[in-house]
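To keep things clear, I will list the structure first and then write my remarks on it.
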There are 2 protein chains.
Amino acid sequence: MPTIQRVEVQDIRFPTSRELDGSDAMNAAPDYSATYVILHTDADDGITGHGLTFTIGRGNEICVTAVESLATRLEGHSLADITADMGAYWRELTSGDSQLRWLGPEKGVIHLACSAMINAIWDLWAKREGKPVWKLLADMTPEELVRCLDFRFVTDALTPEEAIGLLKRREAGKAEREASMREHGYPAYTTSAGWLGYSEEKMRSLCREAIAAGWEHFKQKVGGNIEEDRRRARILREEIGEERLLMMDANQMWDVDEAIANMRRLAEFRPHWIEEPTSPDDVLGHAEIRHRLAPIGVATGEHCHNRVMFKQLFQADAIDFCQLDAARLGGLNEVIVVLLMAAKHDIPVCPHGGGVGLCEYTQHISMFDYIAVSGSLEGRLLEYVDHLHEHFVDPVRIDRGHYQIPDAAGYGVTMKASSLEAHRFPGGSAWQ
Amino acid sequence: MPTIQRVEVQDIRFPTSRELDGSDAMNAAPDYSATYVILHTDADDGITGHGLTFTIGRGNEICVTAVESLATRLEGHSLADITADMGAYWRELTSGDSQLRWLGPEKGVIHLACSAMINAIWDLWAKREGKPVWKLLADMTPEELVRCLDFRFVTDALTPEEAIGLLKRREAGKAEREASMREHGYPAYTTSAGWLGYSEEKMRSLCREAIAAGWEHFKQKVGGNIEEDRRRARILREEIGEERLLMMDANQMWDVDEAIANMRRLAEFRPHWIEEPTSPDDVLGHAEIRHRLAPIGVATGEHCHNRVMFKQLFQADAIDFCQLDAARLGGLNEVIVVLLMAAKHDIPVCPHGGGVGLCEYTQHISMFDYIAVSGSLEGRLLEYVDHLHEHFVDPVRIDRGHYQIPDAAGYGVTMKASSLEAHRFPGGSAWQ
């Protein structure tokens with residue numbers, strides 16, 4: 001097994017704000033960006049490990065600085081030593097340097113940077129095993145998998161022993177579920193028609209195209225003017241009909257009481273869930289909103305920064321859907337801890353997609369969840385947004401509203417060299 | 001009123017790890033550091049605004065990068081425009097650039113950077129008014145004060161109208177309380193004897209010196225080996241006797257059940273509170289610990305990253321003492337929102353001191369809280385740590401275990417030019 005010799009980091013940005021792709025009430029004009037990490041080893045096999053954390057433009061340089069500050073904590077480690085006890089290495093990287101830990105702990109820029117690095121290790125590991133990450137995980141024994149995890153601060157909700165027990169109970173049927181994924185793919189919903197910055201005409205034509213392509217589940221951005229939100233909901237319901245699902249996403253725009261009042265005015269459009277109704281830190285606020293808005297579901301997670309926050313969302317019965325983010329949590333190890341807690345609490349995981357590279361990550365997470373952790377598709381839908389996939393060597397493949405199982409080895413976010421070159425900030429050609 | 005023309009930022013570090021000052025179970029060897037901000041204006045009065053955020057060494061460069069990324073959002077603003085509606089400016093700096101907000105939101109590196117900048121504005125404002133910050137605040141009308149605040153995400157716990165009402169009810173007696181502060185100062189406790197890295201001999205001699213200097217309240221670091229914690233508690237109780245208060249601080253070392261088990265083994269030493277028993281994000285965990293450990297108090301806050309987290313700590317009856325941090329919250333504006341919520345919930349605020357500059361900040365916060373917000377000293381103790389004060393132009397003054405009221409204009413963290421020069425990282429003489 002090779003030794004990681006150098007952590008390369010690049011500031012990669014896409015000028016998406018020019019078309020208002022990804023526009024919502026909180027994030028009016030994002031430039032989808034990646035703090036992009038490449039792990040170089042001493043092996044002569046040409047394999048490198050690729051990971052990214054997602055940001056929306058300005059500030060990406062701060063995450064780049066953070067990766068540079070963390071790099072020496074990874075350089076010089078052998079992949080074998082890391083993977084032999086990856087739970088221990090994970091804690092070492094995220095918390096082992098108490099001076100760097102102070103900047104979070106386990107949140108914000110420093111945790112985002114850890115995520116890119118951790119995911120790059122998984123990519124390297126899976127590429128060397130010749131497997132996609134979902135398969136690398138699904139083939140582990142429960143004990144091997146749990147050894148990759150750090151249960152610090154969540155043992156009151158889930159112990160390693162409980163996790164092993166849960167995984168063992170799911171071993172029956174794994175092969176059938178893997179075969180089912182290969183045949184049918186993983187069900188998804190699309191956010192592409194509902195961005196706040198799009199005109200009525202653009203929304204209608206995108207809806208029609210999506211329905212023709214087989215989509216059954218749609219998401220609308222809300223949180224602007226409430227009358228405008230209602231007008232756009234009406235347009236979407238006209239286009240998608242009464243049977244298809246309509247989700248709504250407020251992107252944290254409301255206070256608790258405001259969320260309840262506004263959603264009561266949107267209830268006639270029968271939203272399946274309200275996503276990010278308020279501050280992502282407000283566990284008790286989400287519980288209050290959920291209690292008062294039932295049967296409208298409450299979803300959150302893309303800004304939920306670590307397993308301790310998700311633990312509380314589960315303990316407080318605050319959410320109906322867990323929308324963990326593959327690059328805001330501290331990489332795949334922490335994602336798996338959240339999958340396990342969600343399974344124990346019987347909360348469906350519908351990961352946050354979109355941005356750049358998030359869909360490429362989350363297909364591995366949801367397929368692994370179905371095959372080995374929750375064993376269920378009930379209430380599960382994987383977010384799909386059709387931006388920027390062309391920049392990846394092995395982009396996601398969608399058919400009739402379902403993610404098709406990824407076959408390429410690794411964690412999916414390896415970008416084309418030409419795309420990296422063109423979108424390097426500020427020197428790349430896309431920024432001239 | 002002047003216009004802020006330039007935001008200067010410096011990476012200032014003190015090699016405190018050489019003596020294990022500040023050592024605890026989580027933070028074994030901190031180098032107390034400051035991301036140090038100086039606001040330069042177009043006025044020819046020589047007045048500059050100074051603010052800092054506190055870190056413990058490595059990673060300070062990431063906060064410096066974040067200030068540089070935020071600087072253009074402050075440069076070019078007139079102080080008059082900012083102070084005319086500082087609540088609005090506060091939201092603009094912390095959340096107005098959605099691309100930068102993504103990196104938090106309102107947490108981690110980006111919020112630490114905002115804190116240094118916001119506190120520098122308060123320093124500039126107070127210096128121009130010729131008042132210490134506590135006095136600038138205490139002299140405002142309730143309406144003027146509330147206009148400095150942003151209640152986003154906390155209106156379910158406290159509205160601006162409620163805040164005005166609370167402040168109005170405290171107007172009676174303000175002059176007497178200010179006079180009392182001038183005469184008696186604000187009661188404090190000392191952490192100086194209890195650091196984890198100190199020998200028994202050093203602990204004993206520091207206790208004796210502290211008692212001779214009039215200290216009545218002591219804090220011990222715990223969270224290492226439990227037998228060792230017990231041994232050190234016994235030493236401290238021997239030295240301070242049965243009547244003086246002994247606090248304990250675990251610096252987040254324990255899981256929830258572990259905290260309860262360990263504190264039951266330390267209960268015989270009658271701790272006044274257990275501070276940071278577990279993850280700072282674990283609101284429900286703190287509530288559980290408090291419920292099961294009563295009558296031992298639960299304290300936390302130095303890593304509590306924003307008003308939304310404190311709101312929940314209050315709502316969940318999770319803490320007995322609120323230990324807000326002047327430079328981890330988004331500067332003084334957010335601190336005041338927390339003071340108001342704490343007063344409403346009748347929770348004493350005992351701010352986090354120590355590090356570099358935190359005591360210089362918190363004296364203003366606690367004196368203002370007593371004079372104008374809570375109106376009470378019951379259960380309140382201000383932390384004091386006797387490190388690094390010699391580097392400030394107007395250091396805190398302590399007499400018989402009480403902070404003496406600061407008279408110098410500003411927010412107290414202006415460092416001597418010679419100290420800045422010597423501790424600039426990595427070029428300063430302290431690092432050669």
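Every read-out reported here was derived from the displayed coordinates using simple, explicitly stated rules and does not represent laboratory data. Since this is a predicted model, take the numbers as computed values, not measurements. Please note: Cβ atoms are built from the backbone with ideal geometry, for glycine as well, and neighbour counts cover all protein chains shown.
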Notebook entry, point to check: Does the protein assembly as shown classify as rounded, prolate or oblate by the C-alpha gyration tensor (a ≥ b ≥ c root eigenvalues; a/c under 1.5 gives rounded; else a/b over b/c gives prolate, otherwise oblate)?
Noted result: prolate
Margin query: Can you divide the C-alpha Rg of region B:4-153 by 2.2 N^0.38 Å and report the result to two decimal places?
Written below: 1.11
Note to self: Suppose we consider the axis relating copy A to copy B; can you name the residue of A with the nearest Cβ and state that distance in angstrom as an integer?
What the structure shows: A:GLY108, 1
Margin query: Which of B:HIS111, B:HIS402, A:HIS272 has the fewest other C-beta atoms within 10 Å, and how do the rest follow up to the most?
Written below: B:HIS402, A:HIS272, B:HIS111
Next item on the list: Mind listing the long-range amide H neighbours of A:ARG397? Cut-off is under 5 Å, sequence gap 5 or more, other chains count too, H placed in the peptide plane at 1.01 Å from N.
Entry: A:GLN404
Checklist line | For residues of B:276-289, the mean tally of beta carbons on other chains within 10 Å | finding: 5
Next item on the list: Every other copy gets compared here: list the nm distances from the B:THR141 label point (7 Å along Cα to Cβ) to its counterparts, shortest first, one decimal.
Entry: 7.5
Note to self: Compute a Gaussian network model of chain B, connecting alpha carbons closer than 10 Å, and tell me which residue from B:THR300, B:THR53, B:THR278 fluctuates the most.
What the structure shows: B:THR278
Notebook entry, point to check: Using a simple charge model, +1 on the beta-carbon of Lys and Arg, -1 on the beta-carbon of Asp and Glu, nothing else, what dipole does the protein assembly as shown show about its Cα centre, in debye to the nearest 20?
Noted result: 500 debye
Check: Relative to the Cα centre, what is the charge dipole magnitude of chain A, using +1 at the beta carbon of each Lys and Arg, -1 at the beta carbon of each Asp and Glu, and rounding to the nearest 20 debye?
Finding: 380 debye
Checklist line | Ratio of Rg to Rh over chain A (Cα coordinates, Kirkwood Rh, two decimals) | finding: 0.95
Next item on the list: Rounded to the nearest Å, what's the spacing between the alpha carbon centres of region A:21-91 and region A:358-432? Just the number, please.
Entry: 16 Å
Item checked: Cα-based reach from A:LYS221 at 16 Å (exclusive), listing lysines while leaving out same-chain residues under 8 positions away -> A:LYS202
Note to self: Within a 10 angstrom radius of the beta carbon, how do A:VAL385, B:VAL338 rank from fewest other beta carbons to most?
What the structure shows: A:VAL385, B:VAL338
Notebook entry, point to check: Can you work out the base-10 log of I(q)/I(0) for region B:336-432 at q = 0.22 1/Å, using the Debye formula on its C-alpha atoms alone?
Noted result: -1.11
Check: Got the A:LYS202 label distances to the other copies yet, label 7 Å along Cα→Cβ, in nm, shortest first?
Finding: 6.2
Next item on the list: Within region A:300-400, report the trypsin sites (Lys or Arg not before Pro) that DSSP leaves as loop and that have at most 16 other Cβ atoms within 10 Å.
Entry: A:ARG397, A:ARG400
Check: Using alpha carbons only, what's the Rg to Rh ratio of region B:115-214 with Rh from Kirkwood?
Finding: 1.13
Checklist line | chain B: DSSP helices with Cα axial extent of at least 20 Å and average Kyte-Doolittle hydropathy no lower than -0.5 | finding: B:108-129
Note to self: Can you give me the convex hull volume of the Cα atoms of region A:1-93, divided per residue and expressed in Å³?
What the structure shows: 113 Å³
Note to self: Using a 10 Å cut-off around each Cβ, can you sort B:SER199, A:SER192 from fewest to most neighbouring Cβ atoms?
What the structure shows: B:SER199, A:SER192
Checklist line | Over 20 Å between alpha carbons, listed pairs B:LYS135/B:LYS168; B:LYS168/B:LYS344; B:LYS174/B:LYS219; B:LYS311/B:LYS344 | finding: B:LYS174/B:LYS219
Next item on the list: Run through the other copies and list how far each one's label point is from that of B:TRP431, in nm with one decimal, shortest first; the point sits 7 Å from Cα along Cα-Cβ.
Entry: 2.6
Margin query: Checking the a/c ratio against 1.5 first, then a/b against b/c, what shape does the Cα gyration tensor give for region B:168-419?
Written below: oblate
Checklist line | Note, ³J(HN,Hα) from phi for region A:271-282, Karplus 6.51, -1.76, 1.60, rounded to Hz, x at Gly and Pro | finding: x, 5, 8, 10, 9, 6, x, 8, 3, x, 7, 8
Check: Once Lys and Arg get +1 and Asp and Glu get -1 on their Cβ, which of A:ALA417, B:CYS207, A:GLN312 lies farthest toward the positive end of the dipole of the protein assembly as shown?
Finding: A:GLN312
